[in-house]
Amino acid sequence: MLFKIVRSKIFAIIPMFILFLSMVWVGVANAQQSVVDEYPELKPLTNFVGEENLSVLHLAGFRAAKRAMDELGFEKGDANILVLTDAGYIAKIGEYTTEKALDGVMLTSGCSRGKGNLVNVHKPYNSPLWFAFFDKKSKNCVYLEVNSNLLKTYLDKEKEAKESTLKDFMKLEDEQIFSRIAVENIDAEKLLENPEDWQKKMEAKVFGGNEFSLITICNVWAYKGLPNDFLKAVELHDHICPGLTSGYLIAKYIEKNFPTKSPRYDYTVIAIPPWCKDDALIQFFETNVGHKHMFVKWLTKEQSKELKKHLPENLKGIDVANIVIRWERSASKGEGIVIGFDWGKASKLCGIERSWFKDFKTYKWWWTRLKMDLWLMDYTDKPEEFVATIKTFNVNSTNEIWKLASAGVNPLAELGLIPKPTPTPIEKTVEVIPLWVYVTIGVLIAVIIVMACLYTIKLRKT
């Protein structure tokens, strides 16, 4: 009887025990399941970076690309899509750098530098992390700006409990991850035809203050194409403007008409005066300031007027841009050219007024730049239309280069393009007394003192 009672109790407990074990097994299985198991679409990303290296930053790029793919309706690898972002260059989230987000965007969207449809825009360290996706066909642009505070919180958590943090991040809504999500049509033809409407959006900062960067880069890419050498200058400069494009034309002119024999460190550039052009020259020729191959000189209004007066009649409309010196190390000699850009001719042919560039109270400031951006790209293979050599000269030693570049020296005056300033009467009369004069006077005084002492002693003896 007792056996039957025990047996009945055991049979009653077995189902409950099995249920308990199954619940424990499910819990353990869920605990061991990775974020990739829950989200298989992450597999291409983890195959590239390694699942053990997966970060919330990778997921931020992944989520941005997925949202854009939904909004624009494109598949991975679509050549008509251009991605722009400041991830890794040099935007930070607190103390965290953001370059990992680039992998998330590339592996998800299929866009890359090698395909020419990824632009890594230069922004400062304290710029918010953002992504933009532009469709060449529809001209629609999706802009997503990351919620920095939320992302930093998850990056902090990631250090302690990585797997659970990644899963929690993936469960967030897009509107939680991104503090701004905007979709706008930025077709240049529409913007140029009806600028008043877009001016309102510029003022509202629909793209978080990146409106000018996006409308210029995207439209030049869509309508004219962005060669890789120019794209590098665009990334550094953060947008496309006629000033930057003029630098690209100047670079093409130098490459064609004033090439060097060695690959690097043979050009020295004096930007006088500086404008956006010089970012293109830095990228194109590696004439970095830190390498001591780029020097910047500003001109006063009076100096600019004086320069215009003394230019040859056929160059009156040209603006002096750069002094470029190529140095031949093996021969210890060099040559230099003064280069100018014809803004008057370019503005006239483009159908704009130069004063519109400075009309920041209306739409004209960006309208003028966008129009000329597109127009100037047709001249990248014929820079001579607007770029000209104003003067050529020989350089016999590196000291001559340093003299032109040194502080307080106007190289245009040294090269005879404008008169050297005449010294004032005070400057004429004040001369520096050489050290040897002071030494001679000191010696004479000492001799006189010695002779006086000897004479006094002689008097006393007599």
(message) Among the residues in the stretch 137-149, are any modelled with pLDDT of 95 or more and in a helix (DSSP H, G or I)?
(response) yes
(request) Filter the stretch 168-185 down to residues that are farther than 28 Å from M202 by Cβ and crowded, with 17+ Cβ neighbours inside 10 Å, then give me how many there are. (result) 1
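Taking the stated definitions as given, is I282 buried (at least 18 other Cβ atoms within 10 Å of the Cβ), touching a helix residue (DSSP H, G or I) at 6+ places or on another chain (Cβ under 8 Å), β-branched (V, I, T) and part of a helix (DSSP H, G or I)? Walk me through it before giving the result.
Numbers: buried (at least 18 other Cβ atoms within 10 Å of the Cβ): yes; touching a helix residue (DSSP H, G or I) at 6+ places or on another chain (Cβ under 8 Å): yes; β-branched (V, I, T): yes; part of a helix (DSSP H, G or I): yes.
Judged against the criteria, I282 is a match.
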(request) Count, please, the residues in the stretch 210-225 that happen to be surrounded by fewer than 22 Cβ atoms within 10 Å (Cβ to Cβ) and not in a helix (DSSP H, G or I). (result) 2
(message) I'd like the full set of residues that are part of a loop (DSSP other than H, G, I, E, B) and either among the acidic types (D, E) or in contact with a Gly (Cβ under 9 Å, 6 or more places away or on another chain) (or both), limited to the stretch 285-308.
(response) E286
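Modelled with pLDDT of 95 or more, of a type outside the set (V, I, T) and not assigned by TED's automatic domain parsing to the domain that holds P124, is that true of L214?
no
Can you spot a residue in the stretch 377-394 that is touching a residue at least 60 places away in the same chain (Cβ under 8 Å), in a loop (DSSP other than H, G, I, E, B) and small (G, A, S)?
Within the stretch 377-394, the subset touching a residue at least 60 places away in the same chain (Cβ under 8 Å) is 377-381, 383-384, 386-390, 394.
From the residues that got through so far, the ones that are in a loop (DSSP other than H, G, I, E, B) too are 380-381, 386.
Those still in the list that are small (G, A, S) too: none.
Checked the stretch 377-394: no residue is touching a residue at least 60 places away in the same chain (Cβ under 8 Å), in a loop (DSSP other than H, G, I, E, B) and small (G, A, S).
Given the residues G61, G110, G73, G104, which is the only one that is at pLDDT 95 or above, at positive phi, among the small types (G, A, S) and surrounded by 19 or more Cβ atoms within 10 Å (Cβ to Cβ)? If you could, list the steps in order and put the result at the bottom.
On the way: G61 fails: at positive phi; G73 fails: surrounded by 19 or more Cβ atoms within 10 Å (Cβ to Cβ); G104 fails: at positive phi.
Being at pLDDT 95 or above, at positive phi, among the small types (G, A, S) and surrounded by 19 or more Cβ atoms within 10 Å (Cβ to Cβ) holds for just one of G61, G110, G73, G104, which is G110.
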(request) Just need a number here: residues in the stretch 79-98 that are touching a residue at least 40 places away in the same chain (Cβ under 8 Å) and part of a loop (DSSP other than H, G, I, E, B). (result) 5
(request) Could you tell me whether the stretch 106-115 includes any residue that is under 16 Å from N210 (Cβ atoms) and either of a type outside the set (D, E) or not assigned by TED's automatic domain parsing to the domain that holds L57 (or both)? (result) no
(request) Could you check how many residues of the stretch 395-412 are in contact with a helix residue (DSSP H, G or I) (Cβ under 9 Å, 6 or more places away or on another chain), part of a helix (DSSP H, G or I) and of a type in the set (A, V, I, L, M)? (result) 3
(request) Go through (1) at pLDDT 95 or above; (2) under 30 Å from V121 (Cβ atoms); (3) in the same structural domain as F357 (by TED's automatic domain parsing) one by one and return the number of the condition E286 breaks. (result) (1)
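Based on this model, can you work out whether F341 counts as crowded, with 18+ Cβ neighbours inside 10 Å and in contact with a Leu (Cβ under 9 Å, 6 or more places away or on another chain)?
Yes, satisfied.
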(request) Specify the residue that is modelled with the lowest pLDDT; the eligible residues are those in the stretch 150-168 that are over 23 Å from V83 (Cα atoms) and among the aliphatic types (A, V, I, L, M). (result) A161
(message) Looking at the stretch 177-188, I want the residues that are more than 14 Å from W130 (Cα to Cα) and have a partner that is part of a strand (DSSP E or B) with Cβ atoms under 8 Å, at least 6 apart or on another chain. Which pairs are those?
(response) E184/N140; E184/C141; E184/Y143; N185/N140; N185/C141; I186/F134; I186/N140; I186/C141
(message) Go through (1) more than 25 Å from L311 (Cα to Cα); (2) surrounded by fewer than 15 Cβ atoms within 10 Å (Cβ to Cβ); (3) β-branched (V, I, T) for T392 and report which single condition fails.
(response) (1)
(message) For a quick check of your reading of the model, give me the residue pairs whose first member lies in the stretch 138-166 and is in the same structural domain as I81 (by TED's automatic domain parsing) and crowded, with 19+ Cβ neighbours inside 10 Å, whose second is part of a helix (DSSP H, G or I) and among the polar types (S, T, N, Q), with beta-carbon atoms closer than 6 Å and at least 6 apart or on different chains.
(response) Y154/T165; E158/T165
(request) Working only within the stretch 401-425, note down all residues that are without any contact (Cβ under 8 Å) to a residue 40 or more places away in the chain and under 34 Å from the mean Cα position of the chain (by Cα). (result) W402, K403, S406, A407, G408, V409, A413, E414
(request) Assess whether L249 counts as being in contact (Cβ under 8 Å) with a residue 60 or more places away in the chain, on the phi < 0 side of the Ramachandran plot and either among the charged types (D, E, K, R) or in contact with a helix residue (DSSP H, G or I) (Cβ under 8 Å, 6 or more places away or on another chain) (or both). (result) yes
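The values are calculated or read from the model by the stated rules, or taken from the named source; none is laboratory data. It should be emphasised that the depicted structure is a prediction, and the values quoted were computed from it without experimental measurement. Note: ideal-geometry Cβ built from the backbone for every residue, glycine included; neighbour counts use all protein chains shown.
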